[in-house]
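What follows is one structure encoded as structure tokens, with my remarks underneath.
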There are 2 protein chains.
Amino acid sequence: MASNSSTTPVLEELDRAECMRLLGERGIGRVAFDDGEGPTVIPVNYAVDGDAVVFRTSASGRLRRSLLTSVAGGEVRAAFEVDRFDESSREGWSVLLRGGAHPLSDEEREAAAHVEPWPGGDREAWFRLSAREVSGRRLHRP
Amino acid sequence: MASNSSTTPVLEELDRAECMRLLGERGIGRVAFDDGEGPTVIPVNYAVDGDAVVFRTSASGRLRRSLLTSVAGGEVRAAFEVDRFDESSREGWSVLLRGGAHPLSDEEREAAAHVEPWPGGDREAWFRLSAREVSGRRLHRP
């Protein structure tokens with residue numbers, strides 16, 4: 001796409017199909033949730049699984065502790081954000097999924113999209129965030 | 001820093017000074033807050049201002065509406081995240097600030113670090129998030 005660096009970037013709302021396309025199959029996203037002391041954000045490796053994202057984290061980590069203790073097997077409200085911005089062109093996009101996150105059972109895990117976490121060590125806590133709301137914005141020069 | 005691509009990346013906790021160094025002076029970060037329907041995440045341009053970050057958003061936007069309606073001039077619990085990851089090396093870092101966000105008065109705005117938002121249009125809602133907690137992690141190959 002040709003862009004004119006002399007114009008000011010504008011924000012454009014993206015439809016759900018474009019948001020899901022931008023998410024791709026996998027990557028790094030950020031999950032936001034309330035751990036009892038307010039909102040917090042953790043970067044995680046993810047894979048798209050239908051209308052949901054699946055991600056893994058440490059079984060001893062904050063995310064797992066918070067989700068497990070706050071929901072006791074149910075689900076907790078969470079948001080999942082992915083973006084890509086280019087510092088030189090000042091263009092880019094962001095996609096936001098909002099919905100409920102819940103830990104995956106062993107059976108669900110076997111059926112889910114595979115997530116390969118970058119960090120070593122134990123990443124055996126799997127979660128799925130089902131997107132009840134998908135939104136996104138593109139920042140580009142008209 | 002030399003890295004061995006055959007080893008698995010490990011996560012290392014960063015101290016506050018290193019976190020503030022990584023934030024730099026300005027850039028793009030993500031603010032997470034509860035807008036009344038659960039956690040949400042919005043990318044914003046920011047500038048570091050002492051132990052706080054200052055960011056701007058649309059005066060008609062969700063962030064401003066939520067913060068203003070939920071706090072009525074006070075502050076709301078929020079998190080602010082910045083990260084940088086390299087897909088090929090699978091190394092990177094993330095920094096998280098947690099604390100209270102409040103809208104800046106005209107006087108505070110004049111004294112605050114300048115934030116230049118990338119998008120055009122009205123970005124005249126300024127906020128400051130004071131970091132009560134600063135944490136960060138580096139993902140690197142030992």
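The values are calculated or read from the model by the stated rules, or taken from the named source; none is laboratory data. In this text, all values refer to a predicted model and were calculated from it rather than measured experimentally. Note that we place each Cβ from the backbone using ideal geometry, even for glycine, and neighbour counts take in every protein chain shown.
General remarks:
- Strands (runs of 3 or more DSSP E) enclosed by the range B:10-54 - at least 3 residues per element that are touching a His at 6+ places or on another chain (Cβ under 9 Å) and farther than 14 Å from B:Glu133 by Cα: B:10-14
- Condition met for A:Trp126 (under 17 Å from A:Met20 (Cα atoms) and aromatic (Phe, Trp, Tyr)): no
- Taking the listed residues A:Arg132, A:Arg98, the one that is surrounded by fewer than 21 Cβ atoms within 10 Å (Cβ to Cβ), of a type in the set (Lys, Arg) and modelled with pLDDT of 85 or more is A:Arg132, with no other qualifying.
- Residue that is farthest from the other protein chains (Cβ to nearest Cβ) [pool: residues in the range B:100-113 that are within 15 Å of the chain's Cα centre (by Cα) and in contact (Cβ under 8 Å) with a residue 40 or more places away in the chain]: B:Ala113
- Condition met for B:Arg77 (more than 16 Å from the chain's Cα centre (by Cα) and either modelled with pLDDT of 85 or more or not in a strand (DSSP E or B) (or both)): no
- Just so you know, in the range B:114-138 the residues that are within 27 Å of B:Val10 (Cα to Cα) and touching a helix residue (DSSP H, G or I) at 6+ places or on another chain (Cβ under 6 Å) include one that is farthest from the other protein chains (Cβ to nearest Cβ), and it is B:Val134.
- Taking the criterion of being more than 8 Å from chain A (Cβ to nearest Cβ), small (Gly, Ala, Ser) and buried (at least 18 other Cβ atoms within 10 Å of the Cβ), the only residue of the range B:26-41 that qualifies is B:Gly29.
- Of all the listed residues (B:Arg56, B:Arg141), the sole one being out of contact with any helix residue (DSSP H, G or I) (no Cβ under 8 Å at 6 or more places or on another chain), modelled with pLDDT under 85 and among the basic types (Lys, Arg) is B:Arg56.
- Residue check, A:Arg64 within 16 Å of the chain's Cα centre (by Cα) and at pLDDT 90 or above: no
- Residue satisfying all of: in the range A:1-28; of a type in the set (Lys, Arg) and modelled with pLDDT of 95 or more; farthest from A:Ala79 (Cα to Cα) among these: A:Arg21
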